[in-house]
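Written below as C-alpha cells is the structure these notes are about.
The values are calculated or read from the model by the stated rules, or taken from the named source; none is laboratory data. Keep in mind that this is a model prediction, so the values were computed, not measured. FYI the Cβ positions are ideal-geometry reconstructions off the backbone, even for glycines, and counts take in every protein chain you see.
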Amino acid sequence: MSDSRKTNEESLQTAALLAILAQGNREIEAGNFQDMEQVFGELDQDQPTEQCMNKNAPKR
C-alpha cells in the first residue's frame, strides 16, 4: 500500500472515530445514557448465577 493511500485510509478512520465520539457526546447531552452501576446490575440479573461467579473478575 502506498504511503498516500495509507495516510488517506488513516484519515478516513480518524474521521469515522470522531463522528462516533461526536454522536456519543450529543446523546449524553440529550440525557440518553444510563448509570454504569444500573447497566452492570441489569447484566448481572440477565446471567445465570454460575456465570456471575468469575473469581478473576475485578470487583465493582
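Points to keep in mind about this one:
- Residue check for residue 25: part of a loop (DSSP other than H, G, I, E, B) and closer than 30 Å to residue 57 by Cβ: no
- Residue pairs whose Cβ atoms lie under 9 Å apart, separated by 6 or more positions or on different chains, with the first residue in segment 14-32 and touching a residue at least 12 places away in the same chain (Cβ under 8 Å) and the second assigned to a helix (DSSP H, G or I) and of a type in the set (S, T, N, Q), do not occur.
- When residues in segment 41-60 are screened for being modelled with pLDDT under 70 and among the aliphatic types (A, V, I, L, M), 1 of them pass.
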